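Reading through the C-alpha cells given below for one structure.
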Amino acid sequence: MKYLGSARGMARGLFGRLLLLGSVVATTMSQVAPVPFLEQPLVPTTAAPGTTDLSLVVNGSGFVSGASITWNGVSLATKVASGSQLSATVPAADLAQAGSATVAVSSGGNSSNSVLFPVASSLSVVSFLGSDYGGPTFPEAAVIGDFNADGVGDVAVTESNGIDIFVGRGDGSFQAPVLIPYPNQPLGIVAGDFNHDGKTDLAFTLSSGTSVVDVVLGNGDGTFQSPNEYSVGGLTLSAIVTGDLNNDGYLDIVVSSVVANPGSDMQVTVLLGNGDGTFQPGLFSTTPGDRFGVVVGDFNQDGFLDLAIPYVAAKTSGVSILAGKGDGTFQPAVNYPVGGTPTGGIVAADLNGDGRLDLALPISKGVSVILGNGDGSFQKPSVYGAGNTSQQIAVADMNDDGKLDLVVDSVATAKISVLLGNGNGSFANPAQFSVASATLPPVVGDFNQDGRLDIALPVFQQGLSVLLQTTGPLATFSANSLSFPTQAVKRTSAAQVATLTNTGVSPLTISSIALDDADFVYTTTCPLTPATLAAGAKCTLRVSSSPQSKGAHTGTITITDDAPGSPQKISLSGTGTLLLVPSTVAFGTVKVGTSNNLPLLLTNLSTSAIKILSVSQIGAPFSDSNPCTGTLAANASCTVTVFFNPSVAGTFTTQISIGENAGGSPLTVSVTGTAQ
C-alpha cells in the first residue's frame, strides 16, 4: 500500500485511506483521558499536490494536554489551543503527490475517529464510474474499516443472512464477499476498537425484535469472534453510533429504537464500555415520536458528547437534541423543526465554517439543513431538493474545494445524489448518478487511493455498488436500447431520441458513429468535426425504423470515443409489415347523441396477395364494420368503417387489432374521440 510523501507518510495507518465516519479507534487501556472525538471538517479539508508546509486545524472534543494530530498514524508536532481545538504543521513532503491521508487525534493514550484528508486539485463538478459486486440480496447498511489490517479499506455490509465482508484491493476493486452468518438479520452497523487491541471490531443491531445489540471482536485478519449480546429495549431499528459519552477513555454505544407500543416514544439506549470489549447494562432515555436516526456531537461545546435524533410524532416532527451530562445520561430533549418529515438518518458537521456543529438530514421534501448556534440550539431549517426520496446521508468534501458536500441515497430509484456545498451552509442542486438498483446508506472513502473520494453503498437485490470518482470523460446515454412499433416497409417511422451526455469532467472525444443495419436510419447532433463534447454537454441521436422487408429486424449503433467502456452501443429492434395502416383514427370533438364515422384504409404494399386474418370488434361508444378480412390483392386497398356514437360526454379511447400474414401481426390502430 502506497502512502503519501516521506518516511512520515510511509508509516503505518490503521485505517489506510479511509473516511471512517462515526467509528472510533482506541489504542491502549489508558483511562487518563476521554476518547477524543474529531469533528468535520478538517481545516483545510484538502490540499493540492505540491503544497508547501500546511497548517492543519482540527476541531472536536476530549483533547487534553499532550494531545497530538496523527497523519497516517504518525504524530505531528501539535499545539493544543483548547480541549476542542488542535493545530499542527503537515510537512510539504507529505503533500507532494496526489493521494489521501488518514487524520486522527491521539490523546491520553486513546485515538479518535479518523477523517480522510485528500491531496488533490479542486474540481467544480464530480463524476463517477460505477462497479457492482454481488453478494447480499437484501442489504441494509455498510461501514468502512480495515478488518484484515493490511492498510486498505474494506466494507462490511449487513444483510438478511448476516454480515458480508468485502475486502478492498486498494485499486478501487474488492474481493468476493465473505459471509459472517447470523440467524437474525443485522441492520445498522458501526466499527470501533472496543477492547483496545488495535483491531477493528463491529457492533450491530438486529431485526428479530429481540431488542439486542451484538458486538463481535475482530481478530485482525478479517474474521471475528462469537457475538456478545446486550439488551437495548424496544424494537431495535437501524440507528447505532459510538463515542465516549462518559469521558472514561472507553468507547460506548448508542442505539435508538422504537418501543413496542405503537405511538409511544422512541427509546435511546447507551451501553457504557468497559474497555475490554464488554459493556454495562443499558441506560435508557426517551424522545418523542417514531424514527430511527442518531448522531453524536458536542453541540453546546461543553466537552460532553450530545445526541441529535430525528423524530416523527402524531402532530409534529423534527429533531431532538439531548445534551450529554458527561456520565452517559442526558438532559431532557429539546426539539427543533426541520421543515418536513424526517425519513431516516442524520449527520453533524460544521457546514458554514463558523466553528459550530450543524445538522443535515433527509426529509420528505428533500434535505434539511439546520445551522447550530454553538450553545446546543439551532436556527430555522433550510430545505434543498435531493432529486429523489432519501433515507440516509453522508457528509464529505467530494470535489476537494474546501467546502463540505452531502451525499444521499434513494429509497426507490437506482440513483445517488451529491449536493455540492457553497461553504456557507447552503447547497447546489443535486447531481444524480445511476447505480444498479434502489440504494441504501452510502459510505465514503478513497478506495483507489487517488485523492478523490469515492462512494460505496448497498443496493437492493444487487450487493455492493462502488462509485469511483473520475476526472476523465464519461459517455452516458439516456437509453441503451430503442424498440420501434411495427412499421410498413419502405416507410420511415417517427424518430426516437437517445441523448448522449458527457457526465465526466473533461471533454469527450468521439471518433466515429456507425449503424450496422439498413432497416434503421439516424441523424445526430453529436460533434464529429471537431469530435469533442465538452464536460456536461449533450448531443442527440434521432433514430427511426425504416424496414426494407417484412419481419423482425435488429441493429446496433456503435459510438467509439475515449470514455471508459468504449465503444458504447445502442441496440435497435423493429418489425416490418407489408400492410399499411394508419396509427390512429381520431374523431376529435363531436356532440353527444350524434352518429359519426371515419374510414380505416388498409393497403397491401407487396407485389403478391396477403391475407387479413382478423379485425377486432370494438365496444361502445365505438364500433366498426369488418369487410376487409380475407385475401387482399397486390397493391390493393380495403376500408374498415369506424363509428363513434357517444351517448354521454367524455373522452374515449380504444384500439383495433388487425391480424395478418404480412410480417407484423397483430397491427394496432388507436381510436380516440371526445363527446360534448
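The values are calculated or read from the model by the stated rules, or taken from the named source; none is laboratory data. Fair warning: this is a prediction, and the values are worked out from it, not measured in the lab. No Cβ is skipped: glycine too gets one built from the backbone with ideal geometry, and neighbour counts run over all protein chains shown. Ligands, DNA and RNA are stripped out before the accessible areas are found, and what is left, the full protein with its side chains, is counted by its heavy atoms. Shrake-Rupley method; radii C 1.70, N 1.55, O 1.52, S 1.80 Å.
A compact table of results
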quantity	calculated
Cα radius of gyration and Dmax for segment 512-561 (Å)	13.1, 42
Amide hydrogen neighbours beyond the local backbone of Asp401, cut-off 5 Å, H modeled	Leu123
Cα centre as origin, Lys/Arg/Asp/Glu Cβ charges: the chain dipole, Debye	2600
For segment 571-676, average projected area of the Cα convex hull in nm²	7.2
Cut-off 15 Å, label 7 Å out along Cα→Cβ of Asp171, residues of segment 121-152 by amide N	none
Range of Cα positions in segment 170-210 per principal axis (Å), largest first	39, 29, 15
Listed residue (Ala156, Leu602, Leu322) projecting farthest to the positive dipole end of the chain, Cβ model	Leu602
Accessible area of segment 294-416 belonging to carbon and sulfur atoms, whole % at 1.4 Å probe	48
Heavy atoms of Phe378 accessible to a 1.4 Å probe, total area in Å² rounded to 10	20
Accessible carbon and sulfur surface of segment 89-149 relative to its total accessible area, %, 1.4 Å	52
Rounded accessible area per residue of segment 128-257, 1.4 Å, Å²	30
Where the Cα pairs of segment 371-458 fall when distances are cut into 10 Å bins, in %	17, 44, 31, 8, 0
Cβ-based charge dipole, the chain, positive-most Cα from Thr651, Ile393, Ser107	Thr651
R0 of 60 Å, Cβ-Cβ distance Asn184-Ser623: FRET efficiency to nearest 0.05	0.45
Portion, in percent, of the accessible area of segment 602-676 that falls on carbon or sulfur, probe 1.4 Å	51
Using a Förster distance of 35 Å, the FRET efficiency for Thr499-Ala48 (Cβ separation, nearest 0.05)	0.55
Space enclosed by the convex hull of the alpha-carbon atoms of segment 307-380, per residue, Å³	94
Hydrodynamic radius (Kirkwood) for segment 503-662, which is based on Cα pairs only, to one decimal in Å	19.6
Summed side-chain charge close to Leu579 - residues other than Leu579 whose Cβ falls under 15 Å, Lys, Arg +1, Asp, Glu -1	+3
Segment 593-655 - Rg (one decimal) and Dmax (whole number), Cα, Å	14.2, 46
Fraction of alpha-carbon pairs over 14 Å apart in segment 272-344 - percent	63
Probe 1.4 Å - accessible area at Glu660, Å² to nearest ten	10
log₁₀ of I(q)/I(0) at q = 0.15, 0.19, 0.27, 0.28 Å⁻¹ - segment 390-435, Debye sum with one point per alpha carbon	-0.35, -0.55, -0.96, -1.01
√(5λ) per eigenvalue of the Cα gyration tensor, segment 152-223, largest first, Å	21, 16, 9
Alpha-carbon spread of segment 32-143, three principal axes, descending order, Å	48, 36, 22
Kirkwood Rh, Cα atoms: Rg over Rh of segment 79-146	1.07
Segment 303-440 - Rg and Dmax from Cα coordinates, angstrom	15.0, 45
Charge sum, other residues only, whose C-beta stays under 12 Å from Tyr230's C-beta, Lys/Arg counted +1 and Asp/Glu -1	-3
Calculated SAXS-style log₁₀ I(q)/I(0) at q = 0.16 Å⁻¹ - segment 449-518, Debye, Cα scatterers	-0.86
Probe 1.4 Å, protein heavy atoms only - accessible area per residue of segment 357-491 in square angstrom	32
Heavy-atom SASA rank of Phe138, Phe433, Phe204 (probe 1.4 Å, accessible area, largest first)	Phe138, Phe433, Phe204
Diffusion constant of the chain at 20 °C, which comes from Stokes-Einstein with the Kirkwood Cα-pair radius and 1.002 mPa s, µm²/s	76
Base-10 log of normalised Debye intensity for segment 354-410 (one unit scatterer per alpha-carbon) at q = 0.20 Å⁻¹	-0.79
Net +/- balance of residues flanking Val408 in space, Cβ distance below 15 Å, scoring K and R +1, D and E -1	0
